[in-house]
Amino acid sequence: MTGTAYGVRMRVLVTGGAGYIGSHTVVQLVAAGHGVVVVDSFANSKPTVMARLAALTGMDIPVHAFDLTDIDKTERLFAEEPFDAVIHFAGLKAVGESVEKPLEYYENNLGSTFSLVRAMRRHGVRFLVFSSSATVYGDAQEAATEDQATSATNPYGWTKVMQEQVLRDVARADPTMRVALLRYFNPVGAHPSGTIGEDPQGIPNNLVPFIAQVAVGRREALQVFGDDYPTPDGTGRRDYIHVEDLAAGHLAALTRLASTDAPVSTWNLGTGRPTSVLQMLHAFSRACGRELPYVVTARRAGDIATSYADPSRANAELGWYAERTVDDMCADTWRWQSANPTGYPDA
Ligand code: UD1
């Protein structure tokens with residue numbers, strides 16, 4: 001780790017660095033002068049992402065293709081490379097699938113964190129930024145503050161609650177550790193170049209990727225899951241955050257870890273402003289230049305009316321703010337989706 005006039009420069013291992021949020025964070029880490037190594041199983045991402053990252057950063061990012069639940073491979077990587085910090089994105093993240101395959105979720109998400117943290121401790125790596133989620137607020141997500149009790153409504157959510165607890169306990173036992181738990185609200189958008197973005201496999205579960213596929217002609221119409229919620233237009237409201245703002249939050253957290261005395265810090269990353277399904281659909285229609293069709297259907301099981309962050313702790317402690325608007329999110333998603341109608345190429 002070296003200090004410069006602009007802050008600290010670190011050698012950072014980015015797990016899940018080929019994924020949606022990971023890839024955007026890699027670009028910003030390189031731009032800030034950090035050294036980056038990626039590990040990704042490519043279970044839910046394509047190796048061709050790495051070529052896009054090379055084009056954007058002007059650098060071939062070293063990449064290790066394996067699953068972190070492999071304790072031996074994880075240990076070998078840490079024995080070979082002197083990392084200062086880890087940003088841990090890797091994990092399974094589909095809510096519905098987690099209900100069908102709970103064991104897979106617990107084994108993968110907890111197992112990868114165990115082997116990663118073991119290797120970090122063995123090799124004296126103290127800084128860890130962890131991808132958590134607003135899902136840890138369970139059913140109580142309106143103006144959520146970090147001090148609220150955590151809970152979950154599905155196995156995916158429980159893996160996040162449990163990983164947070166594991167990391168808190170590890171940091172309590174070893175107070176030299178510096179851990180950031182970042183609770184993301186709803187990440188959307190893409191890099192402004194349109195060359196990297198979200199590439200869901202199969203039918204998208206989340207709102208904005210689905211709308212983007214309607215816009216590009218891959219799906220007929222958006223299904224609006226319920227218009228009888230206690231919200232101004234009856235549709236569910238969420239705190240959508242541009243992935244570029246989210247990536248910037250990771251860099252701010254990493255820098256903060258290098259100067260804080262607190263073993264564990266928890267920060268919400270959101271805008272603090274809710275947007276409804278219909279507001280998002282209309283914003284996307286403006287971005288792509290045509291009215292997008294929708295039908296109102298039944299509520300989706302497990303959905304809540306409104307979820308948004310109180311981001312004031314991250315604002316105050318990190319000096320970080322989500323700056324991009326819903327229109328920016330739609331314009332950038334549309335640039336990515338229209339240039340890559342079927343996502344990343346296979347090879
Ligand atoms: C979902 C997950 C959450 C996860 C997050 C990741 C559920 C219940 N929750 O959150 O645990 O952390 O994704 O980003 O899956 N909607 C439609 N039509 C669609 C898709 C969504 O109307 O085709 C509505 C939903 O009812 C909701 C809003 O759009 O009101 C956002 O949905 P989504 O993008 O799936 O995010 P969350 O439900 O907030």
Considering only segment 207-230, how many residues are near the ligand (Cβ under 9 Å from one of its atoms) and of a type in the set (Val, Ile, Thr)?
3
Taking first residues from segment 202-217 that are farther than 14 Å from MET329 by Cβ and second residues anywhere that are near the ligand (Cβ under 7 Å from one of its atoms) and of a type in the set (Val, Ile, Thr), the pairs with Cβ under 9 Å that are 6 or more apart or on different chains are ASN205/VAL95
Determine the pairs where a residue that is under 17 Å from SER115 (Cβ atoms), located within segment 161-174, has a partner that is of a type in the set (A, V, I, L, M) with Cβ atoms under 6 Å apart, the partner being 6 or more residues away or on another chain.
LEU167/VAL179; VAL170/VAL117
Given segment 220-337, what helices (runs of 4 or more DSSP H) lie entirely inside it while holding 3 or more residues that are farther than 24 Å from PRO204 by Cα and among the aliphatic types (A, V, I, L, M)?
243-257, 312-318
Matching residues in segment 53-107 - criterion: being farther than 14 Å from ALA18 by Cα and within 16 Å of the ligand (Cβ to nearest atom):
LYS93, ALA94, VAL95, GLY96, GLU97, SER98, VAL99, GLU100, LYS101, PRO102, TYR105, TYR106
Among the residues in segment 294-304, are any at positive phi and away from the ligand (no atom under 12 Å from the Cβ)?
no
Flagged in segment 200-219 as in contact with a helix residue (DSSP H, G or I) (Cβ under 7 Å, 6 or more places away or on another chain) and more than 22 Å from LYS160 (Cβ to Cβ), in numbering order, are ILE211, ALA212, ALA215, VAL216, ARG219
Counting only residues that are farther than 29 Å from GLU100 by Cα, at pLDDT 95 or above and out of contact with any Ser or Thr (no Cβ under 7 Å at 6 or more places or on another chain), segment 127-168 contains a total of 4
Within segment 187-206, of all residues that are closer than 21 Å to ARG273 by Cα and surrounded by 23 or more Cβ atoms within 10 Å (Cβ to Cβ), the one farthest from the ligand (Cβ to nearest atom) is ALA190
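The values are calculated or read from the model by the stated rules, or taken from the named source; none is laboratory data. Quick caveat, the model's predicted, so the values are computed rather than measured. Note: ideal-geometry Cβ built from the backbone for every residue, glycine included; neighbour counts use all protein chains shown.
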